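Here's the structure, in structure tokens; my notes come after.
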Amino acid sequence: MEVVGFRDRFVVTVTKADGTDYRESEQKSPFGPQLKGIAVVQPDGPSFTINGHPISFDMRVGPIISLASIYDIEKQKSRRLLYKAFISELFVPYMDLTEEWYYRTYFDVGEYGVGLSAVSLEPLRDCPKNAVFMDAFVVGQDGKPINLTNIFIREVRYEVSLVVRMVSAVGNYDYIIDWEFKQSGSIVAKVGLTGLLEVRGTKYTHKDQMREEVYGTLLSENTLGSNHDHFITYHLDLDVDGVANSFVKNKLQTTRVIGSPRKSYWKVVSEKAKTESEAKTNLGSGASELLVMNPNKRTKMGNNVGCRQIPGSAAGPLLSDNDYAQIRGAFTKYNVSVTPYNKSEQWAGGSYADQSQGDDTLAIWSHRNRNIGNKDIVVWYTLGLHHAPCQEDFPLMPTLSSWFELRPTNFFERNPDPRDGVLLVCSINGHVSTCYWLTKRAHMEHATAGLMQKVANIRATCCVLIGSHDKVA
């Protein structure tokens, strides 16, 4: 390689290194008070077992959750909630318009690979003692397989839930990706952001010296942290108690009354989206509840079986629509989009994100305005975080998190009893392999029974089933 030329615009003072070493071994006293130790003890061992490899791994997206179903003890069968879910794209545009920074609008999934950037997890630091680790394989640049150790963990927490975790170090940021399965049937998707801020040098050593737009915050002498966004778009192929589903917006409407001591009340007004354009939603814009429901199945009370989306933090892009960065990232304009299932539509930022000009993204697909009523549908959910750096973020940023929950709604005939819960994980990859954990009472009653007999006979309210992620026609 030969350097044929360069452009030297101006000289910037080199950022000072003093006080920026975040490594634990290099920290100097004085320290804060020492915390007392804590231990999680399970004398009878963990409440789950693993056979085979029930969680899928992809170099581009990392963990893929598939075939999440709830075992309904009253109906004596597994009922599908989620067919397939993964992070489709992670868009990180920086707000620095200087010549050296304006182009920094990253697509971390499509350009770098969240799975490819996975890092090994440390026992007792990234997870509790009762966690079980799993390895993953990726293809190296020479075409040979590379074994990534301790990429996944499974753990059971105090509130009794199963957690699948992976950490991906994409450039300067670490993304903590969690999928939590609760005994009530809820699935919580959570992302934690930490790592090192993207900083640049500056001539300034104090905020009072600034007389121009610097696109960020002065974090230390000669060190600026640029404002930026994180948009994490999830691909959620929901199959709520069956493949044919509909998307519903529930709005709470104030209604005036006459002839009552009260002057008003609110009621739920449901709007079923018939097409893709009707489903596009920005959280906080009016719809108070978002549901994927099965129009073909009802409870004994006559309510449609469904799954509610409970949002965490809601944020949308602040860039203009004709900004080239936003043209490529136009799929972030809505927090929620819904499309009919199409096997070729998996990557919100385009199949080849590093070459994308915004012409092969979720924003383009959904312009077709296809019918989504009583169809096999995919929900695209975008978590948004605006990050204006502060001094506490430098050099190592405290974890900033966001989440959403998929909660069964009118799915059961009554409230599930978590004391009798059972969680089952199953994968079919040419052969059947299983991973399951039972409550202590259920385990004691059925420890000697076969797996399928346990599923049929256990006094359990629900289970979660995870398996193959290839769509069956």
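The values are calculated or read from the model by the stated rules, or taken from the named source; none is laboratory data. Keep in mind that this is a model prediction, so the values were computed, not measured. We place every Cβ from the backbone using ideal geometry, glycine too, and count neighbours over all the protein chains shown.
Listing for the model above:
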read-out	value
Hey, VAL92 outside any loop (DSSP other than H, G, I, E, B) and within 26 Å of VAL214 (Cβ to Cβ) or not	yes
Some residue of segment 282-305 being in contact with a Leu (Cβ under 7 Å, 6 or more places away or on another chain) and within 30 Å of MET95 (Cα to Cα)	no
Test: residue in segment 325-347 that is among the acidic types (Asp, Glu), in contact (Cβ under 8 Å) with a residue 24 or more places away in the chain and under 30 Å from ASN296 (Cβ atoms)	yes
Top-ranked residue of segment 276-296 - restricted to ones that are assigned to a helix (DSSP H, G or I) and charged (D, E, K, R), ranked as surrounded by the most Cβ atoms within 10 Å (Cβ to Cβ)	GLU276
Check on SER120, crowded, with 17+ Cβ neighbours inside 10 Å, of a type in the set (Ser, Thr, Tyr) and on the phi < 0 side of the Ramachandran plot	no
Identity of the residue in segment 174-230, in contact (Cβ under 8 Å) with a residue 12 or more places away in the chain, within 17 Å of THR13 (Cα to Cα) and of a type in the set (Lys, Arg), that ends up surrounded by the most Cβ atoms within 10 Å (Cβ to Cβ)	ARG200
Qualifying residue in segment 300-309 (condition: under 29 Å from SER366 (Cα atoms) and either loosely packed, with under 14 Cβ neighbours inside 10 Å or touching a helix residue (DSSP H, G or I) at 6+ places or on another chain (Cβ under 9 Å) (or both))	no
All positions within segment 81-129 that are modelled with pLDDT of 85 or more and among the basic types (Lys, Arg)	LYS84, ARG104
Entirely in segment 217-275, the strands (runs of 3 or more DSSP E) that have 1 or more residues that are in contact with a Gly (Cβ under 6 Å, 6 or more places away or on another chain) and under 30 Å from ASP72 (Cβ atoms)	246-256
